[in-house]
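Okay, structure first, notes after.
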Amino acid sequence: MLDYRLLAALAAVVETGRFDLAARQLLITQSAVSQRIKQLEERLGQVLLIRDNPPRPTPAGRRLLTHFRQVRLLENELPASLLAEDTEATTSLPIGINADSLATWFWKAVRPLLDEHELLFDLRVADQDVTERLLRQGEVVGCISATSKPPQGCRAGYLGTMVYRLCAAPSFHQRWFPTGLTLSAAARAPVAIYNRQDALHRRLLERSCGRAPRRWQAHYIPSQEAYNTLIVDGYAYGCIPEQQCRPLLDNGALVDLAPHAPEPVRLYWHSWNLRSSLLRELEQTLQRGAKILLLQEEHPEG
């Protein structure tokens, strides 16, 4: 039988990225954390943690951590009278989410759940095309993803569609796109890209120009607020969600470079296929909020 005190030490090291922070979180010494992980490895007969900077789990370690997080989620739904005194009272949900959802609609959607439960969110921000990996690796209990098919052992449901527009400040538009959006101008003009995994700009240019440039003059800005500011201030063009750019387009602070070719991104909620009332309630709360806050398409899987 697994000793969950030992598993908790492994989880704390992986989640905090440091042995000393894990010790502080568990209220034990750093030496005790190391001893617990070593004891767990000896019992199972395999290495579970790569002692690197930061420490990271081996494939076996990841499988154990997925199991531990699932058990912890279900345990937190038990009546308080059945739990040990040192059991964590407030449930913390690790969730994978893209930066634009976090900045535009997520908090509005989950407010009813926060009003109803004493709940903590541990949000892991990644591109909507990448968050599903976090779920597959067992690092999160659920994620918002652009992929419709869930990983094995998980379920998925359509939330809604975010619409992105290719925007620039009027001065930037006049300087770099005086005759409109062309492939050659798009290749020369500085573009804002969230990170190197972000393919949104490429898809939008393929939609509007037929294909994307082979090379970019790119700013990589992994901050949603700084990304938008760079575009509004006239230093780059880039993709901004409709919820954020619409007021700026309406008052003339931004120009839509491809008004007839916006890029729709369908979003799905993926989660572990557990009989967890809290996980199911989170899913339903997100779906209700998304129906109000996101565009709804009739046949999103098509």
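Can you pull the percent of Cα pairs in the chain with separation above 24 Å? Walk me through the intermediate numbers first.
Working: 26808 of 45451 pairs.
So the pairs more than 24 Å apart make up 59 percent of the total in the chain.
Across the stretch 221-227, coupling constants 3J(HN,Hα) worked out from phi with the 6.51/-1.76/1.60 Karplus curve, θ = phi - 60°, read 10, x, 9, 4, 5, 5, 4 Hz, and Gly and Pro carry x.
The lysines within cross-link reach of residue 149, meaning a Cα-to-Cα straight distance under 22 Å and a gap of 8 or more places when in the same chain, are 291.
Each residue of the stretch 9-20 was assigned a 3J(HN,Hα) from its phi angle through the Karplus expression (A = 6.51, B = -1.76, C = 1.60, θ = phi - 60°), giving 5, 4, 4, 5, 5, 5, 6, 8, x, 8, 5, 5 Hz with x at Gly and Pro. Put simply, the amide H of residue 238, placed in the peptide plane, has neighbours under 5 Å in 167, 192, leaving out anything fewer than 5 places away on its chain. Accessible surface calculations at 1.4 Å, restricted to protein heavy atoms, place the chain at 52 Å² per residue. Looking at the square roots a ≥ b ≥ c of the eigenvalues of the Cα gyration tensor of the stretch 4-79, which shape do they give, rounded for a/c under 1.5, prolate if a/b is larger than b/c, or oblate? Cα axes put the stretch 4-79 in the oblate bin. Taking θ as phi - 60° and the Karplus parameters 6.51, -1.76 and 1.60, the scalar couplings of the stretch 43-56 work out to 5, 8, x, 7, 6, 10, 9, 8, 7, 10, 10, x, x, 9 Hz in sequence order, x denoting glycine and proline.
Which longest uninterrupted range of the chain lacks any GluC sites (Glu not before Pro) assigned by DSSP to a loop state (not H, G, I, E or B) and surrounded by at most 13 other Cβ atoms within 10 Å? Longest run free of exposed loop sites: 119-296. Taking amide H atoms as placed 1.01 Å from N in the peptide plane, the amide H of residue 217 lies under 5 Å from those of 191, each 5 or more residues away in sequence or on another chain. I'd like the carbon and sulfur percentage of the solvent accessible area for the chain, probe radius 1.4 Å, heavy atoms only, ligands and nucleic acids excluded. With neighbouring chains kept in place, the figure for the chain is 49 percent. Applying a DSSP loop filter and a limit of 16 other Cβ atoms within 10 Å to the trypsin sites (Lys or Arg not before Pro) in the stretch 108-213 leaves 196, 211.
Rounded, prolate or oblate: pick one for the stretch 163-264, where a ≥ b ≥ c are the square roots of the eigenvalues of its C-alpha gyration tensor, a/c under 1.5 means rounded, and failing that, prolate if a/b is larger than b/c, else oblate. Rounded, because the longest to shortest axis ratio a/c is under 1.5. Taking amide hydrogens as placed 1.01 Å from N in the peptide plane, the amide H of residue 142 sits under 5 Å from those of 96, each at least 5 positions away in sequence or on another chain.
The values are calculated or read from the model by the stated rules, or taken from the named source; none is laboratory data. Just so you know, these numbers come straight off a predicted model, no measurement behind them. When we count neighbours, we look across all protein chains shown, and the Cβ atoms used for this are built from the backbone with ideal geometry, even at glycine. Ligands, DNA and RNA are excluded from the accessible area calculation, which covers all protein heavy atoms including side chains. Shrake-Rupley method; radii C 1.70, N 1.55, O 1.52, S 1.80 Å.
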